[in-house]
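Working notes, beginning with the structure itself.
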Amino acid sequence: MDSVKNDVTTYPAYLAGKWQTSESRETIAITSPWQHDVIGKVQAVTQSEVDQSIKASKKAQHAWASLSLGDRGQYLNQWANELEKDKEAIATSVMTEVGKNYDDAEKEVTRTIDLIRYTVQEALHMHGESVRGDGFPGGSKEKLGIIERVPLGVVLAISPFNYPVNLAASKIAPALMAGNGVIFKPATQGSISGIKMIQALDRTGLPTGLLSLITGHGSVIGDYLTEHPGINMISFTGSTQTGKHLSQKSIMIPLVLELGGKDPAIVCHDANLDLTAKNIVSGAFSYSGQRCTAVKRVLVDDSIADQLVAKLKTAVEKLSVGSPVDDNAIVPLIDNKSADFVQGLIDDALSKGAALITGNRRDKNLLAPTLLDNVTEDMDVAWIEPFGPVLPIIRVHSVAEAIEIANKSNFGLQASVFTQDIDKALEIAGAVEVGTVQVNGRPERGPDNFPFLGVKASGMGTQGVHNSILSMSREKLTVMNLK
Ligand code: G3P
C-alpha cells in the first residue's frame, strides 16, 4: 500500500474501501516537529473522491446498520486486537509525527484500545424504552410507544493533531457502533498515525466503503466536506476559530464541537500547596501544554501566592526538556508558527510588567516551560489560549474575584479548584461557567466513561463514550395503537 522513494514513504488514502493514490497525483509532505525533516507524504484528495467516498459510505451503511450490535461489536473488538498488535509501531508513529514523548504516545494507543472495547460494551447495554399513552391526562392505555435509537447515516469525524489516534477513535468507534458510516478526516499533522490506525481497522474486514480516510488541503476539501449534503452529522475537535467556521457552514445537521480552552486553576488560601503544585505543573505542561484541557491560568489567593509560586518554580525547573524519543516532559511544539505564537504571548506579558519566574528560552520550536507571575488583565496571556508551555499566574484577593475573572473568559471547558473546604469547593464549582470542574485535581478529559463537554467558545454538545453514541444516533418512535 505504501510506496517509498528516497526513504520517504508516500501513504495512500482509504477511499471507498480501497487504499489508493489520489487522482490529483498531488501529495502533502508531513514534517516531524522534532526531527525537522519530511517523514512521509499523504494524498491531496479531490472533491470528486470525497463524493465517491461519501456515496460508498451511505450505500454500505444500510447493511451495516442491519447487523446486530454484537456483530458490529466483533469488528470493533477485532480492531482493538489489531491495534494491540501494532501498539509499538503506532506509538512510534505518533511520537515521530506530533512530537509526543513515547511514554505518552503509547498511553494514547492503550487508552484507544480500552475506549474501543468499552464503546462496544456500552452500546450493547444501551436499551430503548416503551411508554403508554395513559401517562398523560386523557391519554389512552391502548397507545404503546416503543422508543428505539437509530443511526444518523454518515458521520464526518474530524480529529486534531494532539491526539491523532485517541481523539479519532473516540469519534469513529461510537459512530460505527451506533450503525453509521464514517468519513474520517485527520489533522494533516497526524494523518500518518491515523492511516496506521485505519490500516488496523481495515484488517478486520470492515465492510467495503463503510469508512473512508480522507487527507488533503483544507482549502480544497474542508468546506466541501462540512457542507456536503451526504454528511448527516459532524464531530469535530480542534480550534475554536475552525469550529465556529464549521458551524456556520454546516446545514441543519447535528454537530458536536470540542474546541479550545483557558482552564483556570483556582487556588484558595487553604489549599494543600504540594498537591496543588503537582496538579498544576502536570496539568499545564504535559505534552508542552498542547492539550485543550491544559491549565492555562492560575488564579491564586494573594495570601499564599508566594509559597505556591516557589513550589511551582521548583517543580517546573525539574521538568526535562528535549526530544520526545528520550521521554522528555517538555517536547518541541507542533511547528514553528505555534512556537512564534507562544513566544509572542510571553514577550507581550513581559513588556507589560509580568515577572519572569523561570523559562523564556527557545531553540527553534522547543520552548522551555515558562512561569509568569503578577500577570494582569491587560496582558494577552491572561485570556488567549497559548497551546504551549507558558503559565500565567494572576493574584486575586477573594473567591469572588477568582470566580469573576474565571468567568470573564470566552472559554468554558474545565476549571480546577484547590481547597480543603468542600463547601467552598462546591460553591465555586457551582459558580464557574465551564463544562467540568475538577476539585483538587488537574483538568482532563476522561476517564472516557465520563461526559466531556465545553461551553461558550469551548464547544457544543457532549462527548465521552455514552454521550457520543447518543449524539451519533437519534430516537425513533413506533406507536402501537392497540385495540
Ligand atoms: O486536547 C484534547 C483534549 O481532549 C485533552 O484530552 O485527556 O489530555 O485531557 P486530555
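Being on the phi > 0 side of the Ramachandran plot and at pLDDT 95 or above narrows it down to one of Gly461, Gly412, Gly454, so name that one.
Gly461
Could you check Val150 against (1) away from the ligand (no atom under 16 Å from the Cβ); (2) open to solvent by 10 Å² or more (accessible area, probe 1.4 Å); (3) among the β-branched types (Val, Ile, Thr); (4) within 21 Å of the chain's Cα centre (by Cα) and say which number it fails?
With respect to (1) away from the ligand (no atom under 16 Å from the Cβ); (2) open to solvent by 10 Å² or more (accessible area, probe 1.4 Å); (3) among the β-branched types (Val, Ile, Thr); (4) within 21 Å of the chain's Cα centre (by Cα), Val150 is out only on (4).
Quickly run through the range 431-460 and pick out the residues that are open to solvent by 40 Å² or more (accessible area, probe 1.4 Å), touching a residue at least 60 places away in the same chain (Cβ under 8 Å) and assigned to a loop (DSSP other than H, G, I, E, B).
Asn440, Arg442, Glu444, Asn449, listed by residue number.
Listed residues Ser320, Ser250; which is surrounded by fewer than 17 Cβ atoms within 10 Å (Cβ to Cβ) and more than 16 Å from the ligand (Cβ to nearest atom)?
Ser320 is the lone residue from the list that is surrounded by fewer than 17 Cβ atoms within 10 Å (Cβ to Cβ) and more than 16 Å from the ligand (Cβ to nearest atom).
May I ask you to list pairs of residues, at least six apart or on different chains, whose Cβ atoms are under 6 Å apart, with the first in the range 231-242 being aliphatic (A, V, I, L, M) and the second being in a strand (DSSP E or B) and open to solvent by 20 Å² or more (accessible area, probe 1.4 Å)?
As it stands, the answer is Ile234/Leu255, since those pairs meet every condition given.
Residue under question is Leu391, and the condition is that it be within 22 Å of Gly238 (Cα to Cα), in the same structural domain as Ile304 (by TED's automatic domain parsing) and either part of a loop (DSSP other than H, G, I, E, B) or in contact (Cβ under 8 Å) with a residue 12 or more places away in the chain (or both); does it hold? Can you show your working first?
Numbers: within 22 Å of Gly238 (Cα to Cα): yes; in the same structural domain as Ile304 (by TED's automatic domain parsing): yes; either part of a loop (DSSP other than H, G, I, E, B) or in contact (Cβ under 8 Å) with a residue 12 or more places away in the chain (or both): yes.
Taking the combined requirement at face value, the residue satisfies it.
Applying the selection to the range 336-365, what residues are surrounded by fewer than 16 Cβ atoms within 10 Å (Cβ to Cβ) and either closer than 18 Å to Ser32 by Cα or assigned by TED's automatic domain parsing to the domain that holds Lys100 (or both)?
Scanning the range 336-365 gives Asn336, Lys337, Asp340, Asp363, Lys364.
Checking the structure you have, find out if any residue of the range 157-174 is farther than 26 Å from Ser338 by Cα, in contact (Cβ under 8 Å) with a residue 40 or more places away in the chain, more than 16 Å from the ligand (Cβ to nearest atom) and crowded, with 24+ Cβ neighbours inside 10 Å.
No, because not a single residue in the range 157-174 is farther than 26 Å from Ser338 by Cα, in contact (Cβ under 8 Å) with a residue 40 or more places away in the chain, more than 16 Å from the ligand (Cβ to nearest atom) and crowded, with 24+ Cβ neighbours inside 10 Å.
Please go through the range 226-247 and pick out each residue that is among the hydrophobic types (A, V, I, L, M, F, W, C), away from the ligand (no atom under 16 Å from the Cβ) and within 18 Å of the chain's Cα centre (by Cα).
Kept after step one, since they are among the hydrophobic types (A, V, I, L, M, F, W, C), are these residues of the range 226-247: 231, 233-234, 236, 246.
Checking which are away from the ligand (no atom under 16 Å from the Cβ) leaves us with 231, 233-234, 246.
Within the range 226-247, Met233, Ile234, Leu246 meet the criteria.
Hey, does the range 178-187 have a residue that's within 15 Å of the ligand (Cβ to nearest atom) and open to solvent by 10 Å² or more (accessible area, probe 1.4 Å)?
yes
Considering only the range 465-480, I want to know if a residue exists there that is within 13 Å of the ligand (Cβ to nearest atom), in contact (Cβ under 8 Å) with a residue 24 or more places away in the chain and of a type in the set (Ser, Thr, Tyr).
yes
Is it the case that the range 379-390 has a residue that's away from the ligand (no atom under 13 Å from the Cβ) and over 24 Å from Ala355 (Cα atoms)?
For the range 379-390, residues away from the ligand (no atom under 13 Å from the Cβ) and over 24 Å from Ala355 (Cα atoms): absent.
Within the range 20-47, which residues are open to solvent by 50 Å² or more (accessible area, probe 1.4 Å) and either of a type in the set (Lys, Arg) or more than 24 Å from the chain's Cα centre (by Cα) (or both)?
Residues satisfying the conditions are Gln20, Thr21, Glu23, Arg25, Glu26, Thr27, Gln35, His36, Asp37, Val38, Lys41, Gln47.
What tally of residues in the range 256-312 results from selecting those that are more than 16 Å from the ligand (Cβ to nearest atom), of a type in the set (Gly, Ala, Ser) and under 23 Å from Ile422 (Cα atoms)?
Within the range 256-312, residues that are more than 16 Å from the ligand (Cβ to nearest atom), of a type in the set (Gly, Ala, Ser) and under 23 Å from Ile422 (Cα atoms) number 4.
The values are calculated or read from the model by the stated rules, or taken from the named source; none is laboratory data. In this text, all values refer to a predicted model and were calculated from it rather than measured experimentally. As a convention, Cβ positions derive from the backbone with ideal geometry for all residues, glycine included, and neighbour counts pool all protein chains shown. Side chains are part of the model used for accessible areas, which takes the heavy atoms of the whole protein and leaves out ligands, DNA and RNA. Shrake-Rupley method; radii C 1.70, N 1.55, O 1.52, S 1.80 Å.
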